[in-house]
Amino acid sequence: MPEKIIIDCDPGQDDAIALLLAMASPEELELLGITAVAGNVPLHLTERNARLMCDLGRRDDIRVYAGCSKPMVRDLVTAENVHGDTGIDGMQVTKPAVPLQSQHAVDFIIETLKKAGEASITLVPTGPLTNIGMAISREPSILRSIKRIVLMGGAMREGGNYSPSAEFNILVDPHAAKVVFACGRPITAMGLDVTHQVIATKDRVARIGALENSAATATAGMLSFFNRHDSAKYGFDGAPLHDPCTVAWLLQPDLFEGKDCNIAIETESPLTIGHTAVDFWGISGREVNATWIHSVDADGFYDLLTERLARYAD
Ligand code: RIB
Ligand code: CA
């Protein structure tokens, strides 16, 4: 039976590629819906970009919902400097054919989980956790239906990417992250420590581009654009492909290694707000609340991504 999932995202080139990876894997993943949140770019663009991915993935059966346009407490911070003004610069941006659902994403998440069976639905957040944090805060009874949360966010050894101490998704909405990490459901957290090991090198991008189908061509184009910022910042031969790590873990968990830890979120300090305090050595005495993923077989990850993108043959 495919795992029932909801992907909550802020496309963003890497979110977009995570969506394509999931949509190419219907045997393993049943995508109940895509919920968009403000993050990399404002909400009206993240929801549009999510719908464009459904067009590209030839999945007009998938429902897309718009969620929160700003974090729970803080003002919205966006990342056009990384993702471009469209959020998915590097591919041709058109008007999506897949419609936007009228229901608010948070209401969709609550309604879907309230009528679901126990521990039956996996949440896959790849942007700021605002929609998920709002849903849990508004309706805690939905927790019983959450099988697990597989999220991209946080940093330990790698340090921050949007402040010296904090990774972007957590920094944008630390209050929502605090709700999620305190929710008591199983969490698999993919932070920069692991995503910085899956670099979209020129060879890997060329291999994807050589597939010569529309989804792969769009992916290669998005990666070529997405690579420029982090290559210059880190000196890598490409950008870390953050968000698809969540979907890849669901498809092939053996590609990854993790450790059960307590992860706490800084929500007060102006200097370190959004910091994920990952208690890797268990010294805080705080209860384990997540599995912190710290290693990945990068070649195996790109083999998987390339094989799934090949399924979009025109
Ligand atoms: O820090 C990386 C994360 O922030 C990714 O999810 C990227 O899409 C941005 O949302
Ligand atoms: Ca994202």
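Read-outs: derived from the displayed coordinates by stated rules, not from any lab. As the structure is a prediction and not an experimental result, all values here were calculated from the model. For neighbour counting, all protein chains shown are included, and Cβ atoms are generated from backbone atoms with ideal geometry for every residue, glycine included.
Please rank 281, 249, fewest neighbouring Cβ atoms within 10 Å first, as an exposure proxy.
281, 249
So which of 115/147; 202/259; 233/259 end up more than 24 Å apart by C-alpha?
Flagged as over cut-off: 202/259; 233/259.
Rounded to whole Hz and in sequence order, give me ³J(HN,Hα) for region 283-289 from the Karplus expression 6.51 cos²θ - 1.76 cosθ + 1.60, θ = phi - 60°, writing x for Gly and Pro.
Per-residue couplings from phi come out as 9, 7, x, 6, 5, 4, 10 Hz.
Stick to the Cα atoms of region 159-314, pair each with every other, and give me the Kirkwood hydrodynamic radius in Å at one decimal.
Computed over Cα pairs of region 159-314, the Kirkwood hydrodynamic radius comes out at 16.8 Å.
If I histogram all Cα-Cα distances within region 65-184 using bins 5 Å wide from 0, what percent of pairs lands in each bin?
Using 5 Å bins, I get a P(r) of 2, 10, 17, 21, 19, 15, 11, 5, 0 for region 65-184.
What's the magnitude of the charge dipole for the chain around its Cα centre, counting Lys and Arg as +1 and Asp and Glu as -1 at the beta-carbon? Answer in Debye, nearest 20.
For the chain, the charge dipole is close to 580 debye.
Per residue of the chain, what 222 nm ellipticity follows from adding -39500 (n - 2.57) for every DSSP H run with n ≥ 4, rounded to the nearest 500?
The helix contribution divided over the chain gives -10500 deg cm²/dmol.
Given the Cα-Cα distance of residue 206 and residue 268 and 0.36 nm per residue of separation, how much length would full extension add, in nm?
17.9 nm
For a label point 7 angstrom out from the Cα of residue 314 toward its Cβ, which stretches of region 199-239 have the backbone nitrogen within less than 11 Å?
Only 212-218 fall inside the zone, counting backbone N under 11 Å.
With all pairs of different alpha carbon atoms counted, what Kirkwood hydrodynamic radius in Å does region 164-216 show?
14.3 Å
For the residues 14, 173, 89, 203, what sequence is obtained by ranking on other C-beta atoms within 10 Å, fewest first?
In increasing order of surrounding Cβ atoms, one gets 203, 89, 14, 173.
Eigenvalues of the Cα gyration tensor times 5, then square-rooted: what semi-axes does that give for region 1-130, in whole angstrom, largest first?
After scaling each eigenvalue by five and taking roots: 22, 18, 12 Å.
Treating only the Cβ of Lys, Arg, Asp and Glu as charged (+1, +1, -1, -1), what charge dipole size does region 171-270 show about its Cα centre? Round to the nearest 20 debye.
200 debye
R0 = 35 Å: FRET efficiency of residue 228 with residue 118, Cβ-based, nearest 0.05?
Here the calculated transfer efficiency is 0.15.
Work through the residues other than residue 27 whose Cβ is under 15 Å from its Cβ and net out their charges, Lys, Arg +1 and Asp, Glu -1.
The answer is 0.
Per residue, how much space in cubic angstrom lies within the convex hull of the C-alpha atoms of region 124-250?
Hull volume over Cα atoms, normalised by residue count, gives 117 Å³.
Which aspartates and glutamates have a Cα less than 15 Å from the Cα of residue 70, not counting those fewer than 8 places away in the same chain?
8, 10, 47, 173
May I ask you to list, by number, the DSSP H helices of the chain whose Cα span along the axis is at least 27 Å and whose average Kyte-Doolittle hydropathy reaches -1.0 or more?
214-234
Order of 118, 3 from fewest to most other C-beta atoms within 10 Å?
118, 3
Can I get the semi-axes of the chain's equivalent ellipsoid? Compute them from the C-alpha gyration tensor as square roots of 5 times the eigenvalues, in angstrom, largest first.
In descending order, the three semi-axes are 26, 23, 19 Å.
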